[in-house]
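Notes follow once the structure below has been shown.
The values are calculated or read from the model by the stated rules, or taken from the named source; none is laboratory data. None of the values given here were measured: they were computed from a predicted structure. For neighbour counting, all protein chains shown are included, and Cβ atoms are generated from backbone atoms with ideal geometry for every residue, glycine included. Note: areas computed on protein heavy atoms with side chains; ligands, DNA, RNA excluded. Shrake-Rupley method; radii C 1.70, N 1.55, O 1.52, S 1.80 Å.
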Amino acid sequence: MKFRFTYLQVMLALLCTYSTTTLFSQPFFFNEAPIPPIVSAVDGLIELEITQTNHKFNPGDPDDEMLNGTANQPDGLGTWVYNLPGQTNLTFLGPTLKWTTNSPVNIRVINSLPASSTLTPITTTTTHWHGAELPAQFDGGPHQPIASEGGFWDVDFMNLDSACTMWYHPHLHNQTLPHVQLGLSGIIISEQPSDQIRPTLPRTYGIDDIPIVLGEQGVTFDSITNEYMVITEKGRRPVNIVNGVTNPYIELPAHMVRLRILNGSTRKGVMFGLSQSYDSDPNIDSNLESYQVIATDGGYTLEPNTRLRHLMGPGARTEIVLDLTNYIPGDVLYLRNLAKLMPGYIVGSPAASTGPGQGMDVTEGEAFLQIRIVPDPPFYSPVDTFTPWSIDWDPSLRDTTDVYRRRDKDLVFMEQIITNQGDTLRGFTIDSTTYDINVINDTICVDTKEIWTINNESHVAHPFHIHKIFFRILGIDSTGVDGTVHQLDLRERDFNGPKDDVLVLPGWRLRFLGSFDDYPSAIDPSLTYMYHCHILTHEDAEGGGMMHQFVVTDDPACEVTDLEEPVAEEIPFKVYPVPSWGELNVETQSDQRSTIRMLDLQGRVMREYQLPPFSGRVSLDTEGIPPGLYLLNWRTADGQMLTRKVVFQ
């Protein structure tokens, strides 16, 4: 039997247990987490003004100079924030933006920062719409800088995204970390008029539909000015913050409640759970309360997943529904910080690192947030039942039979990196190459589907994020320390929904399917999208770090030529018999070594054949291949990729 604790009982216990030294740190929750105001794009132009302001991270404790400022800082520590023009009510995190599917979005971002700032030197910035499918010139990456002292940037596009939670933040190369850490970010909610699931879910923003931005903060003291400042460089940030405050709580009604959780950390993975106790052992299932995972980055999961624990990398979003119908006003729960369950290869774990660095970089406290059950507000219409669903993938991600191309991306640590400036560094890269703003790393033809394989060869988990698209994870092969390979259950990890940001653990080969079906542009570096690690100290590493860029194009090179015999110039590649009952032959020729791979429709490699130079027929060993449809890919010595379908009966 689980015991119910009321807020008053918790307070009395803490007063008896904690000294005055520890009383005003976790687990004493006394700052109500702010709920950002919501601004809708259907009401017309949205103007966001970036300003320098001051913020108190621990307003409930006036004696906390470290997080609220010294006598020289009566209004708090210096921060940057998105506000509506002329308003000063927000001092950390911007307003929540609401977009509607298939409706226009018009935004003007105004950079009113000063030409120079003591908070961080570079005040030019950008605004990236993380998760949004939109033209490259409006993506808000490094190619769309907004000058300080009144520079502005106009965005005008049609929202093609369905119901989901996204977010916005700066993306100026080598400045993303300081700009986000100072407070520049906010939530985006995309609503779809035809959404048949939404009417069954809690949907009253600010009451039972709540944005939760998890983060962490660190400060440093300037002995010359006698002021505390937000740390804007690489370093440890031990202070837990939710929606911009530490020691946070939220008030929720005793009904179904939807939390839109963003891991807004610049570096750390998080694992969360729910319990009635602040510090009960999270390894014991009975100490935790269950909840429903209903959506990932790009929208609803195919069906809800009942969970006790959930892992998120930086930049990812997870939507959950809490059933609070058995609680009464005065009860308390905790959104638990389960960092101690994370292995050392995830930044944010208290364990020693398995890779470069010392690790042990945990955010303090056993809980992110206290949840207080309160009476219903006036005129509120609650939801008291949870209605499960079963849906299919979006048609563009439903099958892999017409995949145009496959790409492999290796996440590696290099002891020696030669930067574009000729400097020698060490650090993480993608495919052993650093970022160059003038180089297009991948050219993708519009209206095509591709399968990407992300191979983490490093000893650290990396959150891989790609701009423009949501993808479907097809499979994960996990290689253990003993060399054995296991295929992971995707639903157990809540990967049964569309993603744009996935934490790839060491030893994983993760395959995803992406559809690049709109907004083509010229093949121009200034019209590219990014893919990168969302640990901002990796993305922003001096010299390029873990970021590349790609262009989606309708360049004539992508068009199919109208020849009378379109296969006349193709290398002959015959596969027989089809269907096959066990014997499979290929007939072609190559004067150099080449590779044939057999893949299933999830993109998994079932067989790989290394062929010497040959001419004529070659028999392939197919023993143990189950019946079904497969793809046979022949990569020739000159890099051509020829594909044939094979059916085994």
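Quick notes
- Long-range amide H partners of residue 209 with built H, under 5 Å: 204, 258
- Once the Cβ-Cβ distance of residue 376 and residue 156 is raised to the sixth power relative to R0 = 51 Å, the FRET efficiency obtained is 0.80.
- Note on residue 609/residue 484: beta-carbon distance plugged into 1/(1 + (r/R0)^6) with R0 of 25 Å gives a FRET efficiency of 0.65.
- Nearest-0.05 FRET efficiency for residue 328 and residue 174, computed from C-beta distance (R0 35 Å): 0.10
- Computed log10 I(q)/I(0) for segment 233-277 at 0.26 Å⁻¹: -1.38, from the Debye equation with unit scatterers placed on every C-alpha and solvent omitted.
- Neighbour net charge for residue 42 - beta-carbon separation under 10 angstrom, K R +1, D E -1: -1
- Bridges between two residues of segment 186-275, per DSSP, are antiparallel at a rate of about 55%.
- Accessible surface of the chain, 1.4 Å probe: 51 percent of it comes from carbon and sulfur atoms.
- For residue 462, the shell of other residues with beta-carbons less than 12 Å away shows a net charge of -2, using +1 for Lys and Arg and -1 for Asp and Glu.
- Normalised by residue count, segment 143-293 yields a Cα convex hull volume of 188 Å³ per residue.
- Hits among aspartates and glutamates - C-alpha to C-alpha of residue 409 under 19 Å, sequence gap 8 or more where chains match: 431, 436, 442, 450, 457, 477, 500, 501, 539, 540, 608
- Shape analysis of segment 313-402 places it in the oblate category; the axes a ≥ b ≥ c from the Cα gyration tensor give an a/c of at least 1.5, with a/b not above b/c.
- Solvent-free Debye calculation, one equal scatterer per alpha-carbon of segment 51-145: log10 I(q)/I(0) at 0.24 Å⁻¹ equals -1.32.
- Rounded to 10°, Cα long-axis angle of helix 7-17 versus longest principal axis of the chain: 80 degrees
- Only Lys, Arg (+1) and Asp, Glu (-1) charged, at Cβ; the chain dipole about Cα centre in debye: 1340 debye
- Cross-link partners of residue 645 among lysines (Cα-Cα below 16 Å; sequence separation of 8 or more within a chain): 574
- Computed [θ] at 222 nm, deg cm²/dmol, the chain (DSSP H ≥ 4; -39,500 (n - 2.57); rounded to nearest 500): -1000 deg cm²/dmol
- Candidate values [x] 31.3; [y] 26.4; [z] 30.1 were compared with Kirkwood radius over Cα pairs in Å computed on the shown model; the agreeing label is [y].
- Antiparallel bridges, percent of DSSP beta bridges restricted to the chain (to nearest 5): 75 percent
- Cα gyration tensor category, rounded, prolate or oblate, for segment 366-509 with a/c compared to 1.5: prolate
- For segment 288-348: rounded, prolate or oblate by the Cα gyration tensor [a/c cutoff 1.5]: oblate
- Interchain or long-range residues, amide H under 5 Å from residue 347's placed H: 269, 461
- Inter-centroid distance (Cα atoms) of segment 148-198 relative to segment 234-307, Å: 21 Å
- For residue 231, residues with placed amide H under 5 Å, excluding near neighbours: 218, 219, 220
- Beta-bridge orientation, segment 23-145: approximately 45 percent antiparallel, per DSSP, counting only bridges with both partners inside.
- Rg over Rh for segment 263-372 works out to 0.99, both radii taken from alpha-carbon positions and Rh defined as the Kirkwood radius.
- Positive-end residue of 294, 329, 308, charge dipole of segment 291-332 with Cβ unit charges: 308
- Proximal lysines relative to residue 234, as straight alpha-carbon distance under 21 Å, when same-chain residues fewer than 8 apart are discounted: 268
- Farthest positive-ward along the chain dipole, Cα basis, beta-carbon charges - from 85, 551, 349: 349
- Over the chain, accessible surface divided per residue gives 41 Å², non-protein components excluded, 1.4 Å probe.
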